[in-house]
Amino acid sequence: HAADAHRTDLMTITRFVLNEQSKHPESRGDFTILLNHIVLGCKFVCSAVNKAGLAKLIGLAGETNVQASGEEQKKLDVLSNEVFVKALVSSGRTSILVSEEDEEAIFVEPSKRGKYCVVFDPLDGSSNIDCGVSIGTIFGIYVVKDGIEPTLHDVLQPGKNMIAAGYCMYGSSCTFVLSTGTGVHGFTLDPSLGEFILTHPDIQIPKKGKIYSVNEGNAKNWDGPTAKYVEKCKYPKDGSSPKSLRYIGSMVADVHRTLLYGGIFLYPADKKSPNGKLRVLYEVFPMSFLMEQAGGQSFTGKERALDLVPNKIHERSPIFLGSYDDVEEIKTLYAAEGKK
Ligand code: P6P
């Protein structure tokens with residue numbers, strides 16, 4: 001039976017990526033090796049997050065939590081960053097790494113250099129660890145220019161130049177969502193196998209949703225178009241029913257729900273933060289890449305998010321992403337504002 005075949009024909013993430021690779025005979029498998037190292041990092045973080053409560057790894061970085069051994073206990077976000085940096089460097093397939101946890105970009109030593117740049121947030125939403133809210137790793141992958149010495153210019157690229165992006169959400173289950181430019185696919189970790197199994201092939205975001213996701217606590221500081229849009233969600237003029245508000249405050253969780261259920265996720269600019277809060281390279285770009293690959297879209301308030309050219313590796317941008325029609329509405333409101 002088909003169901004049985006599905007159960008016994010385990011499509012692991014490794015097999016999936018190898019299948020993708022076989023479509024490019026010229027490929028030497030570098031991407032497959034890189035992705036396997038990212039997956040290894042996620043498996044480690046998943047295990048550490050699940051044990052955090054027990055191992056007292058929780059708590060904000062910086063609190064001194066010295067072990068009996070006198071060893072300063074590393075906090076999960078610091079630990080996760082070290083794991084990813086080590087995994088990516090040891091893959092021998094990267095030249096530049098940009099991490100939310102490191103002020104400066106990491107230039108890999110020449111003997112270990114490869115053709116990819118990876119931008120990542122090793123544990124996004126880590127302020128939510130202590131209360132058990134889902135958190136996640138977000139990553140994006142660029143190809144460096146061949147042959148010449150890698151420079152920051154290789155990572156200060158518009159998001160549309162990414163060749164792949166994804167996230168791993170550490171929640172009730174560990175879910176890895178990936179796009180290599182041919183659609184979006186979700187994999188769930190089977191702890192008994194230690195393998196990510198394809199559970200959500202070819203995710204398509206609903207064209208229009210019934211959910212809006214924003215931190216209403218910032219309403220006082222919103223600009224006109226955002227305020228108007230949220231008002232429309234709550235008091236629709238066309239007699240349709242109001243949208244539901246769902247806001248978890250952990251980007252990976254809010255985006256994952258938006259991807260599967262539809263709707264719109266907003267982190268707008270406001271008077272306090274004119275560029276919004278979310279980081280371009282390793283929050284806005286990867287999530288925008290996934291949204292477009294799933295049939296949705298992503299907008300900064302001024303332009304298509306993936307067209308943005310970052311000038312600094314930790315630059316922020318406002319973001320409106322999700323169902324195609326919902327984002328279209330907010331684009332119309334910003335366009336009208338622009339004409340005033
Ligand atoms: P606020 C978590 O700290 C984070 O970086 C994202 O994961 C999340 O979407 C956002 O900030 C939440 O920010 O201001 O609503 O608490």
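We did not get these values from a lab; they are worked out from the coordinates using the rules stated. Every value quoted in this text rests on a predicted model; they were computed, and no experiment measured them. Every residue, glycine among them, receives a Cβ derived from its backbone with ideal geometry; neighbour counts consider all protein chains shown.
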Query raised in the report: Hey, what did the stretch 152-294 get for relative contact order, percent, Cα under 8 Å, at least 6 apart?
Result: 28 percent
Query - the chain: equivalent-ellipsoid semi-axes (sqrt of 5 x gyration tensor eigenvalues, Cα, Å) - result: 31, 24, 23
**Report entry** Where Cα atoms sit under 13 Å apart: lysine pairs in the stretch 148-241 separated by 8 or more or lying on different chains
**Finding:** 4
Query - Mean separation of Cα contacts under 8 Å, 6 or more apart, over the residue count of the stretch 244-340: relative contact order % - result: 32 percent
Report summary line: Using alpha carbon positions and the Kirkwood radius, the Rg to Rh ratio of the stretch 71-210 is 0.99
Query raised in the report: Using alpha-carbon pairs under 8 Å, 6+ residues apart, how would you state the relative contact order of the chain in percent?
Result: 15 percent
Query - Projected-area average for the stretch 191-253 over all orientations - Cα convex hull basis, square nanometres - result: 6.9 nm²
Requested in this report: Determine, for ARG279, ARG316, the number of other Cβ atoms within 10 Å of each Cβ, and report the residues in order from fewest to most.
Outcome: ARG316, ARG279
**Report entry** Crossing angle, helix 324-339 versus the chain [Cα axis fit, 0-90 degrees, rounded to tens]
**Finding:** 60 degrees
Requested in this report: Stick to the Cα atoms of the stretch 144-275, pair each with every other, and give me the Kirkwood hydrodynamic radius in Å at one decimal.
Outcome: 17.7 Å
Query raised in the report: Considering only the other residues whose Cβ falls under 14 Å of the Cβ of ASN128, what net charge follows from Lys and Arg at +1 and Asp and Glu at -1?
Result: -4
Requested in this report: Under 20 Å from a label point 7 Å along Cα→Cβ of GLU26: give me every residue in the stretch 152-181 with its amide N that close.
Outcome: 161-164, 180-181
Query raised in the report: Taking one equal scatterer on every alpha-carbon of the stretch 234-340, how large is log10 of I(q)/I(0) by Debye at q = 0.11, 0.21 1/Å?
Result: -0.34, -1.21
Query raised in the report: Considering the chain, which cysteines have no disulfide-compatible partner, defined as another cysteine with its Cβ under 4.7 Å away?
Result: CYS117, CYS131, CYS233
Query raised in the report: Taking a label point 7 Å from the Cα of LEU10 along the Cα→Cβ vector, which residues of the stretch 145-179 have an amide N closer than 19 Å to it?
Result: 173-177
Query - Ranked CYS233, CYS131, criterion: other C-beta atoms within 10 Å, fewest first - result: CYS131, CYS233
Query raised in the report: Quick one: in the stretch 84-136, what % of C-alpha pairs are over 16 Å apart?
Result: 46 percent
Report task. For the stretch 302-307, just list the computed ³J(HN,Hα) in residue order, Karplus coefficients 6.51, -1.76 and 1.60, θ = phi - 60°, integers in Hz, with x standing in for Gly and Pro. Result -> 10, 8, 4, 4, 6, 8
Report task. Could you pull the Cα extents of the stretch 103-171 along its three principal axes, largest to smallest, in whole Å? Result -> 47, 25, 18
Query - Loop GluC sites (Glu not before Pro), the stretch 92-196, which have at most 11 other Cβ atoms in a 10 Å radius of their Cβ (DSSP) - result: GLU103, GLU104
Report summary line: Ordered by fewest other Cβ atoms within 10 Å, a rough proxy for footprinting exposure, ASP223, ASP326 read ASP223, ASP326
Query raised in the report: Which pairs break 32 Å Cα to Cα here: LYS86/LYS312; LYS75/LYS112; LYS75/LYS312; LYS115/LYS331?
Result: LYS115/LYS331
Report task. State the Cα centre-to-centre distance between the stretch 274-289 and the stretch 201-254 in whole Å. Result -> 18 Å
